[in-house]
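Asker: The structure is given below, and queries will be raised subsequently.
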Amino acid sequence: MQNLNKFKNKNIFISGGAGIIGKHLVQKLIDVNANLLVGDIKKCPKNFIGKVKYLRKDLNTLKIKELKSFKPDVFIHLAATYERTQETKEFFENNFHNNIKLSNYLITIVSKVKSIKKIIFASSYLVYSSDLYLNKKSKKPYKLHETSSLNPRNLIGAAKLYHESELKFLSNFRPDISITSARIFRGYGLGSRDIISRWIRDLIKRKVINIYGISSSFDFIYCKDTAESILKMINLSHKFKIINVGFGQSTKINDILKILNLEFKNIKKNKVSGNQLIENSCADISFTKKKMKLNLRYSIKKGIREIIEYEKKRIKYSN
């Protein structure tokens with residue numbers, strides 16, 4: 001755990017701060033008395049009330065005067081829209097409004113604020129070429145490096161890569177701003193819509209869980225470790241840099257089910273057949289280990305156990 005006192009009195013603007021990663025990131029910064037402006041379309045989390053300046057709105061309507069009056073030193077852009085299993089036709093417009101348009105708009109007004117010295121963008125490993133890690137047969141996980149070839153496999157990946165290009169372009173005109181793009185791998189966490197959390201919620205309710213791609217293997221990164229990774233990036237100094245954010249290990253879906261079998265008895269599974277390609281992806285996190293000296297604390301087992309405890313409590317208190 002890093003010394004967070006270095007963030008005390010920094011003015012930090014966070015978009016999407018009420019999301020899965022944002023809630024943990026904001027709480028860490030609240031604990032060290034950072035000055036926070038948080039924007040999100042979601043209702044303000046209870047633990048934020050009275051501790052941050054909260055803007056509940058579509059950030060496409062954010063006014064530059066609201067930023068200038070806050071005088072942010074750091075901008076952390078987490079806000080985004082995702083489709084968790086398969087992108088639908090309806091996602092076409094959502095992706096443009098909440099990913100492409102929003103990212104362009106926010107970076108446009110943020111770049112006009114002279115106080116800004118650091119920008120961190122939550123990108124995705126989906127920018128990498130799917131030919132590297134998607135196959136018809138199960139293979140050894142492909143370790144994706146920041147320099148691996150790029151070819152987004154879906155709309156969200158394309159949106160993330162496009163904004164990375166915008167940020168790199170901006171860096172040529174605002175060399176005083178240090179810009180970091182964090183390519184986050186398979187995120188999961190408390191209260192999330194990720195597949196692990198969805199399975200756990202269904203298992204607590206004794207429902208049948210649908211299994212897709214049982215042979216696929218992903219680099220799962222827990223929300224708290226992702227938040228810690230982003231904190232580490234705040235004080236990095238460079239013109240523009242891409243950094244992978246993952247656990248550095250790939251876990252098969254079948255192994256996730258084995259862990260869940262230890263926690264739940266008589267699991268009812270529905271294996272969904274199809275012609276899906278098998279994913280075998282893994283993050284090369286050499287930079288975060290060597291340069292950032294990041295200590296990841298959540299193995300997949302530890303993360304799953306924490307989610308189970310969280311979901312059981314949430315269901316108990318909602319009844």
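Asker: Could you work out the local net charge near ASP58, counting Lys and Arg as +1, Asp and Glu as -1, over the other residues with Cβ closer than 12 Å to its Cβ? Mind dumping the intermediate values first?
Answerer: Numbers: positive: LYS42, ARG56, LYS57, LYS101; negative: ASP40.
It works out to a net charge of +3.
Asker: For ARG305 and LYS101 in the same chain, what is the full-extension length gain: residue separation times 0.36 nm, less their Cα-Cα distance, in nm?
Answerer: Contour length minus the Cα-Cα distance gives 69.7 nm.
Asker: Could you rank ARG206, ARG297, ARG183 by how accessible they are, 1.4 Å probe, largest area first?
Answerer: Result, largest first: ARG206, ARG297, ARG183.
Asker: Sticking with this one: Rounded, prolate or oblate, given the Cα gyration tensor of region 135-174, with a/c below 1.5 counting as rounded? List each step's numbers first, then the result.
Answerer: On the way: a/c = 5.21, a/b = 2.17, b/c = 2.40.
Here region 135-174 falls in the oblate category.
Asker: With a 1.4 Å probe and all protein chains left in place, how much of the accessible area of the chain comes from carbon and sulfur atoms, in whole percent?
Answerer: Numbers: 7980 of 16030 Å².
Exposed carbon and sulfur together represent 50 percent of the surface.
Asker: Dividing the Cα radius of gyration by the Kirkwood radius, what Rg/Rh value follows for region 1-83?
Answerer: 0.95
Asker: Assuming a ≥ b ≥ c are the square roots of the Cα gyration tensor eigenvalues, decide whether region 64-144 counts as rounded (a/c under 1.5), prolate (otherwise, with a/b larger than b/c) or oblate.
Answerer: Since a/c reaches 1.5 but b/c is at least a/b, the shape of region 64-144 is classed as oblate.
Asker: Nearest 500 deg cm²/dmol is fine: what mean residue ellipticity at 222 nm does the chain get from its DSSP H runs of n ≥ 4 alone, each adding -39,500 (n - 2.57), divided by its residue count?
Answerer: Here the helix-only value at 222 nm equals -10000 deg cm²/dmol.
Asker: May I ask you to list the chymotrypsin sites (Phe, Trp or Tyr not before Pro) in region 69-176 that are in a DSSP loop and have at most 12 other Cβ atoms within 10 Å of their Cβ?
Answerer: Answer by residue number: PHE173.
Asker: If you don't mind, another one. Which GluC sites (Glu not before Pro) in region 1-101 pass both tests, a DSSP loop state and at most 13 other beta-carbon atoms within 10 Å?
Answerer: Details: sites: GLU66, GLU83, GLU87, GLU90, GLU93; in loops: GLU83, GLU87, GLU90.
The qualifying sites are GLU90.
Asker: Using a probe radius of 1.4 Å on heavy atoms only, what accessible surface per residue do you get for the chain? Whole Å² is fine. Walk me through the numbers on the way to the answer.
Answerer: On the way: 16030 Å² over 319 residues.
Using a 1.4 Å probe on heavy atoms only, each residue of the chain averages 50 Å².
Asker: Another question, if that's okay. Applying 1/(1 + (r/R0)^6) with R0 = 22 Å to the Cβ-Cβ distance of PHE287 and VAL32, what FRET efficiency is obtained, to the nearest 0.05? Before the final figure, lay out the partial values.
Answerer: Numbers: r = 25 Å, r/R0 = 1.13.
Efficiency computed from Cβ-Cβ geometry: 0.35.
Asker: Mind giving me the FRET efficiency for ASP176 and GLN86? R0 is 30 Å, r the Cβ-Cβ distance, nearest 0.05 is fine.
Answerer: That pair, ASP176 with GLN86, gives E of 0.10.
Asker: May I ask you to derive the FRET efficiency for HIS145 and TYR212 from their Cβ-Cβ distance with R0 = 30 Å, giving the value to the nearest 0.05? Could the numbers behind the result be given before it?
Answerer: Details: r = 27 Å, r/R0 = 0.90.
Efficiency for this residue pair is about 0.65.
The values are calculated or read from the model by the stated rules, or taken from the named source; none is laboratory data. Predicted model only: the values in this text are computed from it and were never measured. Quick reminder, even Gly has a Cβ in these numbers, built from the backbone with ideal geometry, and neighbours come from all protein chains shown. For accessibility, only protein heavy atoms count, side chains too; no ligands or nucleic acids. Shrake-Rupley method; radii C 1.70, N 1.55, O 1.52, S 1.80 Å.
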